[in-house]
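Inspection log for the structure reproduced underneath, given as C-alpha cells.
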Amino acid sequence: MIVDRLRVVGSPLTNKVMAGELSRLAVRALGRRPPEPRKAGTGTLVYPFDPGLAMVACSYLRTATRAVWDLYASSATRLEPLYDDLVADVAADARCWLRDGDAISVATGNVAEFAAGERQVVGTVKNAILDGAARRGLRVTVDPDRPDVHVVARLDDDGSMVVGADLGGGSLSQRGWRRAAGAAPLREHVAAVLVMLGRFDPRRDVLLDPMCGSGTIAIEAALMARGAPRLPHGLPPGLDLEPLADTRRDDYLFGDADPLIIGADRDLDALIAAKDNAARAAMTGHVVWQRGDVTQLDPDDIAALAADRGKTADHGLILSNPPYGERLDDADLRLFYGALGDVCHGFRGWRGGFLVVNEEFERAFGGRPTIKKPLSNGNLRGYFFGYEF
Ligand SMILES: C[S@@+](CC[C@H](N)C(=O)[O-])C[C@H]1O[C@@H](n2cnc3c(N)ncnc32)[C@H](O)[C@@H]1O
C-alpha cells in the first residue's frame, strides 16, 4: 500500500516534547501549526506527510533522532509477499522521491519481530525497490556508502512493515559541531530534550550548566534559542521546497534572540573541548564559559555576570547532568549531591533540571521535585528531575 506520512523518531518517552518543539518551529517557519500526530509507541510521532513540515523537522528539530518519509506499508508477514507488495507499490508510485540514476542504501529500524532476519529484509526491500523502479524505466543502483536516498524499513506498532526515505540521511542527533567529546558526553538530542523539559525561555531565563563537560547542554540551548538550522541537509530530490519559499534553508528562525547561557566546569580540558565545540556550532558569542567548582557557585556572581551583559538574573534555569559515579564512590557522591542541592536551593526564583542515572540523587539533593520523569542517555537509564528553587 502506498502511504504518505512523516515519521518523527526520538528517545522513548519524548513524544510530547518532540511534538511541542515541532509545533513551535512550524508556527515560526511555516506560519501554521501541524495537525495532532498519531503516537506510535512513546518515542515516535506520525503526521500526514507535508513537505514544509518535513523540511522543518530535518532542518530545525533538535529533540528527534530521525525524520522519515513513510512511502509504503505492507502487512506481509513473509519475505515473498513483502517483495510482491513493494514492487507493485514502487512501480505504481508517481511521487518523485527516486530519480533515474539515483543510488540507494537500505537499513532497518526495528524488525526483530519479523519472520526473517535483518539482512534478508534489507535484501528484499532493496530488490523490490530496484525492480519496481525498473518497471517505471528508472535505473537505480545500490551504494551503501554514498547513497542519494537512505531507505529505511521498520515494523510499525500495528505490525506492518513500513518502508520510507530517511530525510536526514542518518541520525539527526549528530549535528556536526562535536569534535571534542569530553569524558561522558550527553547525546545532542537528549540535551535538547532537557532544554525543552526545563522550559528554557531565552527572553527571561539565564541558563546555567555548572557541570557542562563538553558543553552539550549549553550549546544545544543556544542553538535552540536562535532556531539554528542543522546543516548540511540530506533531503531527497522529491521534496517540494515551495512551502519554505520565504525561509532560506540556512536561516536562523529566531535570529534576533540573544540568550545568556553559562557553561562551567572544574575540568579545564572539558572547558577547552566545550569552547572548541561552541566555535564549530557558531555559538561562541552566545555562551560564557567559566572554570569553577559547582559547590562554590554563588548566585551573586551569576547576577554580576548577567549585569555585565545588560541582563538580570532574577529568573534562570540550572540545567545539567551531574557526575553519576564514574569517579566517585556512593558516599562521596551522596555528599556531592547534597552540596549541589544546597547551592542550587540558594538560587531563589530559579528552576532546576537534572538528568541523573544515580539513585542516590533525589534524596541527597533535597527538596521535592516538581517533575520526575524516566529518561535515558543512550544505554544509561535515568530520570529527569525538575525543581523550583
Ligand atoms: C556527566 S559529565 C557532564 C557531561 C556534559 N553534559 C557533556 O555533554 O559533556 C559531568 C561533568 O561534571 C564535572 N564535575 C564534576 N564535579 C564537579 C564539580 N565539583 N564542579 C564542577 N564540575 C564538576 C565533570 O568535570 C564533568 O565534566
Legend entry - Two-site label geometry, residue 77 and residue 284: point separation in nm, points 7 Å out along Cα→Cβ: 6.1 nm
Inset, instruction - Using R₀ = 45 Å, calculate the FRET efficiency as 1/(1 + (r/R₀)^6) where r is the Cβ-Cβ separation of residue 2 and residue 379; round to 0.05. - result: 0.75
Inset, instruction - Could you let me know the centre-to-centre spacing of the range 148-163 and the range 34-61, using Cα atoms, in angstrom? - result: 15 Å
Legend entry - Dipole magnitude of the range 298-342, debye to nearest 20 (Cβ charges: Lys/Arg +1, Asp/Glu -1, about Cα centre): 220 debye
Inset, instruction - Taking every Cα atom in the range 2-166, find the radius of gyration and the maximum pairwise distance Dmax, and write them in Å. - result: 15.9, 46
Inset, instruction - Calculate how many DSSP beta bridges within the range 188-388 are antiparallel, expressed in % of all such bridges and rounded to the nearest 5. - result: 45 percent
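For the chain, please report how many Lys pairs fall under 19 Å Cα to Cα, leaving out neighbours fewer than 8 apart on the same chain.
Working: 16/39; 16/372; 16/373; 39/373.
Lysine pairs, 8 or more places apart or on different chains, close enough: 4.
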Inset, instruction - For residue 42 and residue 371, compute 0.36 nm times the residue count separating them, minus their Cα-Cα distance, and round to one decimal in nm. - result: 116.7 nm
Inset, instruction - Extending each Cα 7 Å along its Cβ direction at residue 131 and residue 33, get the distance between those two points in nm, one decimal. - result: 4.7 nm
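Would you mind getting me the FRET efficiency between residue 331 and residue 268? Use the beta-carbon distance for r and R0 = 45 Å, nearest 0.05.
It comes to 0.95.
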Inset, instruction - For every helix of n ≥ 4 consecutive DSSP H residues, a contribution of -39,500 (n - 2.57) applies; sum these over the chain, divide by its total residues, and give [θ] at 222 nm rounded to the nearest 500 deg cm²/dmol. - result: -10000 deg cm²/dmol
Inset, instruction - Please go through the range 306-385 and write out the GluC sites (Glu not before Pro) that DSSP classes as loop and that have at most 15 other C-beta atoms within 10 Å. - result: 326, 359
Inset, instruction - Pull up the DSSP beta bridges for the range 2-166 and report the antiparallel fraction as a percent, rounded to 5. - result: 75 percent
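Taking 0.36 nm per residue of separation and subtracting the Cα-Cα distance, what length does fully extending residue 179 through residue 116 add? Don't skip to the end; give the middle numbers.
On the way: separation 63, 0.36 × 63 = 22.68 nm, distance 3.86 nm.
Going from the current span to full extension adds 18.8 nm.
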Legend entry - Nearest-20 debye value, the chain charge dipole, Cβ charges on Lys, Arg, Asp, Glu: 480 debye
Legend entry - Whole-Hz ³J(HN,Hα) from phi, Karplus 6.51 cos²θ - 1.76 cosθ + 1.60, for the range 374-379, glycine and proline x: x, 7, 10, 10, x, 7
Inset, instruction - In nm, give the distance between the simple-model label positions of residue 16 and residue 94, each being 7 Å from the Cα along the Cα-to-Cβ direction. - result: 4.3 nm
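No value in this document is a laboratory result; all are computed from the given coordinates. The model shown is predicted, which means the values in this text are computed figures rather than measured ones. In this analysis, Cβ positions are derived from the backbone assuming ideal geometry, glycine residues included, and neighbour counts consider all displayed protein chains.
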